[in-house]
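Student: Below are the structure tokens for one structure; questions will follow.
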Amino acid sequence: DARRLVYEFQPGEYELRRAKKKRSNDANALYWELCGRLARAVNEPPIEVYKRHIKDIGNYEVLCIQNKAVDDFTKYWCDAHLGRMVETISSKIPGCTTVLAYYGSSDFDKAQMSRLIDNCIQDCRAVGVETWPEDKVALLKEEWNG
């Protein structure tokens, strides 16, 4: 494979980029465990709690999209991504809609995932839901590599 790369290389055939480290599934599991506890305590579906937390993080893109393309963009953006969502705002540009395209936790970096977990812990404590010990939470957040 190395010889082929060197001797038969064609421009555009390969893309070199730094490999991302795999993220810790334990931090994600912690979030969902706490989210489930919180959802039961406040009698809401876990997905609604999750989406509220996603919006609180505020990790989104502001886009100006032609009105006729908003539905297709929304389907594409949200497809197979539980946390991705779209909000629309009227635009001053005729024929366009301002779209807030929120990223889900699978797109989060370590700092954003840490805030997501912290928000959930804060909400849990506010309604008397037991959370994990601080040292265990800190360790799991540190392992997250988004």
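Student: In the stretch 18-44, which residue that is assigned to a loop (DSSP other than H, G, I, E, B) and at pLDDT 65 or above is most open to solvent (accessible area, probe 1.4 Å)?
Tutor: Filtering the stretch 18-44 down to residues assigned to a loop (DSSP other than H, G, I, E, B) leaves 18-24, 43-44.
Remaining after also requiring at pLDDT 65 or above: 43-44.
Working: N43: 141, E44: 63 Å².
If we take residues in the stretch 18-44 being assigned to a loop (DSSP other than H, G, I, E, B) and at pLDDT 65 or above, then N43 is most open to solvent (accessible area, probe 1.4 Å).
Student: For the list (1) at pLDDT 90 or above; (2) not in a loop (DSSP other than H, G, I, E, B), I need the number of the one condition that L5 fails.
Tutor: (1)
Student: Please tell me if R52 is open to solvent by 80 Å² or more (accessible area, probe 1.4 Å) and under 30 Å from L139 (Cα atoms). Write out each step before concluding.
Tutor: On the way: open to solvent by 80 Å² or more (accessible area, probe 1.4 Å): yes; under 30 Å from L139 (Cα atoms): yes.
For R52, the condition - open to solvent by 80 Å² or more (accessible area, probe 1.4 Å) and under 30 Å from L139 (Cα atoms) - is met.
Student: Among the residues of the stretch 76-92, is there at least one that is under 9 Å from the mean Cα position of the chain (by Cα), among the polar types (S, T, N, Q) and open to solvent by less than 40 Å² (accessible area, probe 1.4 Å)?
Tutor: Taking every residue of the stretch 76-92 in turn, none turns out to be under 9 Å from the mean Cα position of the chain (by Cα), among the polar types (S, T, N, Q) and open to solvent by less than 40 Å² (accessible area, probe 1.4 Å).
Student: Additional query: Show the residue pairs meeting these rules: Cβ distance below 6 Å; 6+ apart or different chains; first residue within the stretch 30-48 and closer than 14 Å to R125 by Cα and without any contact (Cβ under 8 Å) to a residue 24 or more places away in the chain; second residue open to solvent by less than 70 Å² (accessible area, probe 1.4 Å) and part of a helix (DSSP H, G or I).
Tutor: Pairs that qualify, where the first residue is closer than 14 Å to R125 by Cα and without any contact (Cβ under 8 Å) to a residue 24 or more places away in the chain and the partner is open to solvent by less than 70 Å² (accessible area, probe 1.4 Å) and part of a helix (DSSP H, G or I), are G36/P46; A39/P46; A39/V49.
Student: What are the residues in the stretch 55-75 that are open to solvent by less than 70 Å² (accessible area, probe 1.4 Å) and in contact with a Ser or Thr (Cβ under 6 Å, 6 or more places away or on another chain), if any?
Tutor: Residues of the stretch 55-75 that are open to solvent by less than 70 Å² (accessible area, probe 1.4 Å), as a first pass: 57-59, 63, 65, 69-70, 73-74.
Scanning the stretch 55-75 gives I65, V70.
The values are calculated or read from the model by the stated rules, or taken from the named source; none is laboratory data. Just so it is clear, the model here is predicted, and its values are computed rather than measured. Cβ sites come from the backbone with ideal geometry, for glycine too, and all protein chains shown count toward neighbours. Each accessible area value is taken on the protein alone, full model and side chains, heavy atoms only, with ligands, DNA and RNA left out. Shrake-Rupley method; radii C 1.70, N 1.55, O 1.52, S 1.80 Å.
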